[in-house]
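What follows is one structure encoded as structure tokens, with my remarks underneath.
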């Protein structure tokens, strides 16, 4: 369980962008690479999407070709998941996707994996077009795609604000999620709850 964070109201302002990472069927309980409790992020993510009405919202998705290098049969660490066009690659049914959302597909090359939403995508360019400054980040999974996205966001000069109630970890090794949270804190990410957005 993610550690608690002091409650503080966060007034949204120009330059704020919501980035929802990989809330896809294969990462939910029962999916090909299900995150325990991964479905618990949907409510907080939907709350954040409502708060960002009229502001930029980006949704990322793993969009792997068949035989992707991250799959076990190719020598990778994971079972096949989020194959482009498959049911498992679809966003969670309960996710309230806004009409003007911007989609970012990642890990689309058969020979290259990508945990960060910035890796091999045009996300950086699109955020600059949107005049983004603060990135409010939520999604799956804390210890892989979320933490790597936060690291790259900071390196690119954005201010990451992680929604603590909107993330969940794979925890391949017990405590991986907590260690990822601590790392994000150490490098300068801020943590708030979806209920603090205003």
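Each residue, residue 84 and residue 69, gets one label point 7 Å from its Cα in the Cβ direction; the gap between the two is 1.6 nm.
How long is the gain from residue 53 to residue 187 if the chain were fully straight, where each residue apart is worth 0.36 nm and the alpha carbon distance is subtracted?
Separation in residues times 0.36 nm, less the Cα-Cα distance, equals 45.3 nm.
Against the main long axis of the alpha-carbon atoms of the chain, helix 42-51 sits at an angle near 40°. Taken along its principal axes, the alpha carbon cloud of the stretch 66-198 reaches lengths of 44, 37, 31 Å, longest axis first.
A Förster radius of 30 Å combined with the Cβ-Cβ distance from residue 128 to residue 108 puts the calculated FRET efficiency at roughly 0.90. Between residue 13 and residue 159, the contour length at 0.36 nm per residue exceeds the alpha carbon distance by 51.3 nm. Both radii are taken from the alpha-carbon atoms of the stretch 35-74; with Rh as the Kirkwood radius, Rg/Rh is 1.17. Once the chain from residue 119 to residue 100 is taken as fully extended at 0.36 nm per residue, the excess over their C-alpha distance is 4.5 nm. Computed from Cα positions, the angle between helix 176-187 and the longest principal axis of the chain comes to roughly 40 degrees.
Look at the Cα gyration tensor of the stretch 10-133: its axes a ≥ b ≥ c give a/c of at least 1.5 with a/b at or below b/c, and that counts as oblate. Looking at the chain alone, DSSP beta bridges between its own residues are antiparallel in about 5 percent of cases.
Quick note: the coordinates plus some simple rules give every number you see, no bench work behind them. Because the structure is predicted, anything quoted here is derived from the model rather than measured. Using ideal geometry, Cβ is built from the backbone for each residue, glycine included, and neighbour counts are taken over all protein chains shown.
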